[in-house]
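The values are calculated or read from the model by the stated rules, or taken from the named source; none is laboratory data. Quick caveat: nothing in here was measured; it's all calculated off a predicted structure. As a convention, Cβ positions derive from the backbone with ideal geometry for all residues, glycine included, and neighbour counts pool all protein chains shown. Keep in mind that these areas ignore ligands, DNA and RNA; they rest on the heavy atoms of the full protein, side chains included. Shrake-Rupley method; radii C 1.70, N 1.55, O 1.52, S 1.80 Å.
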Amino acid sequence: DDKSYDENVAMIGEFVTLSPTTVGMVVDYLLRADLAIHNGEKVTEAVMNAFIISLMGAKLVGKIDEVIELQVALAKELAKGADRDQRKVVTYASQLVVYDAVVRAMYFDKNAKPPKASTEDADFVSYLEVSTLGHFIEQEKPVVKIGFSVTGEDSKYVSTSDGDYLTEDSLIDLKTSKTKPS
(Lines give C-alpha, C1' and ligand atoms only; values in the text may rest on other atoms or scores of the structure.)
Protein backbone atom coordinates (compact mmCIF):
# COMPACT_ATOMS: atom_id res chain seq x y z
CA ASP A 1 0.00 0.00 0.00
CA ASP A 2 1.35 3.42 -0.96
CA LYS A 3 -0.42 5.22 1.87
CA SER A 4 1.52 6.50 4.84
CA TYR A 5 0.90 5.34 8.40
CA ASP A 6 -1.02 8.55 9.17
CA GLU A 7 -3.25 8.17 6.11
CA ASN A 8 -4.00 4.52 6.94
CA VAL A 9 -4.90 5.32 10.55
CA ALA A 10 -7.09 8.24 9.50
CA MET A 11 -8.82 6.19 6.79
CA ILE A 12 -9.60 3.24 9.06
CA GLY A 13 -10.45 5.54 11.98
CA GLU A 14 -13.24 7.23 10.04
CA PHE A 15 -15.31 4.02 10.26
CA VAL A 16 -14.68 3.07 13.88
CA THR A 17 -17.89 2.61 15.89
CA LEU A 18 -16.32 2.11 19.33
CA SER A 19 -15.97 5.20 21.50
CA PRO A 20 -12.52 6.83 21.68
CA THR A 21 -12.34 5.95 25.39
CA THR A 22 -13.06 2.30 24.64
CA VAL A 23 -10.50 2.23 21.83
CA GLY A 24 -7.87 3.74 24.13
CA MET A 25 -8.46 1.25 26.93
CA VAL A 26 -8.65 -1.72 24.56
CA VAL A 27 -5.38 -0.78 22.84
CA ASP A 28 -3.66 -0.22 26.20
CA TYR A 29 -4.93 -3.41 27.85
CA LEU A 30 -4.25 -5.63 24.83
CA LEU A 31 -0.77 -4.12 24.62
CA ARG A 32 -0.21 -4.91 28.31
CA ALA A 33 -1.37 -8.50 27.80
CA ASP A 34 0.70 -9.01 24.64
CA LEU A 35 3.83 -7.53 26.26
CA ALA A 36 3.40 -9.81 29.27
CA ILE A 37 2.89 -12.83 26.99
CA HIS A 38 5.95 -11.82 24.96
CA ASN A 39 7.94 -11.66 28.22
CA GLY A 40 6.90 -15.21 29.18
CA GLU A 41 3.84 -14.67 31.36
CA LYS A 42 1.07 -17.25 31.01
CA VAL A 43 -1.73 -16.04 28.73
CA THR A 44 -4.48 -16.35 31.38
CA GLU A 45 -2.42 -14.38 33.93
CA ALA A 46 -1.53 -11.76 31.34
CA VAL A 47 -5.21 -11.20 30.52
CA MET A 48 -6.29 -11.11 34.17
CA ASN A 49 -3.54 -8.63 35.05
CA ALA A 50 -4.18 -6.42 32.01
CA PHE A 51 -7.94 -6.31 32.65
CA ILE A 52 -7.81 -6.14 36.47
CA ILE A 53 -9.86 -2.90 36.64
CA SER A 54 -12.58 -4.56 34.56
CA LEU A 55 -12.61 -7.48 36.98
CA MET A 56 -12.88 -5.14 39.97
CA GLY A 57 -15.76 -3.25 38.34
CA ALA A 58 -17.61 -6.45 37.52
CA LYS A 59 -17.28 -7.61 41.10
CA LEU A 60 -18.85 -4.36 42.32
CA VAL A 61 -21.95 -4.84 40.14
CA GLY A 62 -22.30 -8.60 40.56
CA LYS A 63 -21.12 -9.51 37.05
CA ILE A 64 -17.92 -11.36 37.99
CA ASP A 65 -18.94 -14.63 36.30
CA GLU A 66 -19.59 -12.88 32.97
CA VAL A 67 -16.25 -11.08 33.09
CA ILE A 68 -14.33 -14.23 33.96
CA GLU A 69 -15.99 -15.95 30.96
CA LEU A 70 -14.94 -13.03 28.73
CA GLN A 71 -11.39 -13.14 30.10
CA VAL A 72 -11.17 -16.89 29.45
CA ALA A 73 -12.50 -16.43 25.89
CA LEU A 74 -10.00 -13.60 25.30
CA ALA A 75 -7.12 -15.67 26.69
CA LYS A 76 -8.05 -18.61 24.44
CA GLU A 77 -8.07 -16.32 21.42
CA LEU A 78 -4.77 -14.61 22.34
CA ALA A 79 -3.16 -18.03 22.88
CA LYS A 80 -3.64 -18.69 19.15
CA GLY A 81 -0.91 -16.13 18.44
CA ALA A 82 -0.81 -15.04 14.82
CA ASP A 83 -3.90 -17.16 14.08
CA ARG A 84 -6.14 -15.27 16.48
CA ASP A 85 -9.34 -13.65 15.26
CA GLN A 86 -8.78 -9.94 15.89
CA ARG A 87 -12.48 -9.15 15.64
CA LYS A 88 -13.16 -11.56 18.52
CA VAL A 89 -10.20 -10.20 20.48
CA VAL A 90 -11.39 -6.60 20.14
CA THR A 91 -15.02 -7.55 20.88
CA TYR A 92 -14.07 -9.41 24.07
CA ALA A 93 -11.76 -6.61 25.18
CA SER A 94 -14.41 -3.95 24.43
CA GLN A 95 -16.96 -5.83 26.49
CA LEU A 96 -14.50 -6.15 29.37
CA VAL A 97 -13.59 -2.46 29.55
CA VAL A 98 -17.26 -1.51 29.99
CA TYR A 99 -16.79 -2.50 33.64
CA ASP A 100 -13.89 -0.06 34.10
CA ALA A 101 -16.43 2.77 34.40
CA VAL A 102 -17.69 1.25 37.64
CA VAL A 103 -14.28 1.71 39.25
CA ARG A 104 -13.13 4.86 37.47
CA ALA A 105 -16.37 6.85 37.44
CA MET A 106 -18.66 4.85 39.75
CA TYR A 107 -21.05 4.42 36.82
CA PHE A 108 -22.68 1.34 35.29
CA ASP A 109 -25.56 1.20 32.83
CA LYS A 110 -27.18 -2.19 33.42
CA ASN A 111 -29.28 -1.75 30.26
CA ALA A 112 -26.36 -1.01 27.96
CA LYS A 113 -25.75 -3.53 25.23
CA PRO A 114 -22.21 -4.89 25.12
CA PRO A 115 -20.29 -3.47 22.17
CA LYS A 116 -19.48 -5.75 19.28
CA ALA A 117 -16.44 -4.81 17.26
CA SER A 118 -16.88 -4.21 13.56
CA THR A 119 -14.22 -5.22 11.07
CA GLU A 120 -13.09 -1.59 10.99
CA ASP A 121 -12.90 -1.48 14.81
CA ALA A 122 -10.75 -4.62 14.84
CA ASP A 123 -8.52 -3.28 12.06
CA PHE A 124 -8.06 0.09 13.77
CA VAL A 125 -7.35 -1.31 17.24
CA SER A 126 -5.04 -3.97 15.80
CA TYR A 127 -3.15 -1.40 13.76
CA LEU A 128 -2.58 0.80 16.81
CA GLU A 129 -1.78 -2.03 19.22
CA VAL A 130 0.47 -4.08 16.96
CA SER A 131 2.50 -1.05 15.82
CA THR A 132 2.99 0.04 19.44
CA LEU A 133 3.87 -3.51 20.53
CA GLY A 134 6.44 -3.70 17.75
CA HIS A 135 7.96 -0.41 18.90
CA PHE A 136 8.25 -1.63 22.49
CA ILE A 137 9.73 -5.00 21.52
CA GLU A 138 12.26 -3.52 19.08
CA GLN A 139 13.55 -0.69 21.25
CA GLU A 140 16.94 -1.03 22.91
CA LYS A 141 15.54 -0.23 26.34
CA PRO A 142 12.66 -2.62 27.01
CA VAL A 143 9.64 -1.93 29.17
CA VAL A 144 10.59 -2.77 32.77
CA LYS A 145 7.24 -2.02 34.42
CA ILE A 146 3.68 -1.91 33.16
CA GLY A 147 1.34 0.37 35.10
CA PHE A 148 2.92 2.41 37.89
CA SER A 149 2.39 5.27 40.34
CA VAL A 150 4.99 7.78 41.47
CA THR A 151 4.90 7.82 45.28
CA GLY A 152 7.10 8.24 48.34
CA GLU A 153 10.67 9.47 47.80
CA ASP A 154 10.17 9.32 44.03
CA SER A 155 7.46 11.98 44.30
CA LYS A 156 9.41 14.78 46.03
CA TYR A 157 9.21 16.89 42.85
CA VAL A 158 5.82 15.60 41.67
CA SER A 159 2.74 15.67 43.89
CA THR A 160 1.06 12.69 42.23
CA SER A 161 1.51 10.82 39.01
CA ASP A 162 1.01 7.53 37.27
CA GLY A 163 1.86 6.11 33.91
CA ASP A 164 1.34 3.15 31.66
CA TYR A 165 4.85 1.96 30.83
CA LEU A 166 8.30 2.47 32.32
CA THR A 167 11.67 1.89 30.65
CA GLU A 168 15.11 2.46 32.19
CA ASP A 169 14.91 6.17 31.36
CA SER A 170 11.36 6.96 30.20
CA LEU A 171 7.86 7.30 31.62
CA ILE A 172 5.26 6.52 28.97
CA ASP A 173 1.57 7.37 29.19
CA LEU A 174 -0.12 5.80 26.18
CA LYS A 175 -2.75 7.79 24.29
CA THR A 176 -4.56 6.68 21.17
CA SER A 177 -5.96 8.90 18.47
CA LYS A 178 -7.18 8.62 14.94
CA THR A 179 -5.66 12.02 14.17
CA LYS A 180 -2.04 12.85 13.52
CA PRO A 181 -0.14 13.91 16.65
CA SER A 182 0.15 17.68 17.08
Quiz prompt | Radius 12 Å from Cβ of residue 70, net charge of other residues (Lys, Arg +1; Asp, Glu -1) | solution = -1
Quiz item: Where the convex hull is taken over the Cα atoms of the stretch 35-96, what is its projected area averaged over directions, in nm²?
Solution: 3.8
Practice problem: Could you tell me which trypsin sites (Lys or Arg not before Pro) in the stretch 75-159 are loop residues by DSSP with no more than 15 other beta carbons within 10 angstrom of their beta carbon? | Solution: 80, 84, 110, 116, 156
Practice problem: Report the residues of the stretch 137-151 in range of a label on residue 52: point 7 Å along Cα→C-beta, backbone N strictly under 16 Å from it. | Solution: 144-151
Quiz prompt | Nearest-10 value in Å² for the accessible area of residue 127, using the 1.4 Å probe | solution = 70
Practice problem: Taking only protein heavy atoms into account and a 1.4 Å probe, give the accessible area per residue of the stretch 86-153 in Å². | Solution: 58
Practice problem: Net charge near residue 94: determine it from the other residues with C-beta under 9 Å of the C-beta of residue 94, scoring Lys and Arg +1 and Asp and Glu -1. | Solution: 0
Exercise. Place a label point 7 angstrom from the Cα of residue 149 along the Cα-to-Cβ direction, then list the residues of the stretch 23-54 whose backbone nitrogen is under 17 Å away.
Key: 52-54
Self-check item: Separation of the residue 109 and residue 76 label points, Cα + 7 Å toward Cβ, nm
Solution: 2.9
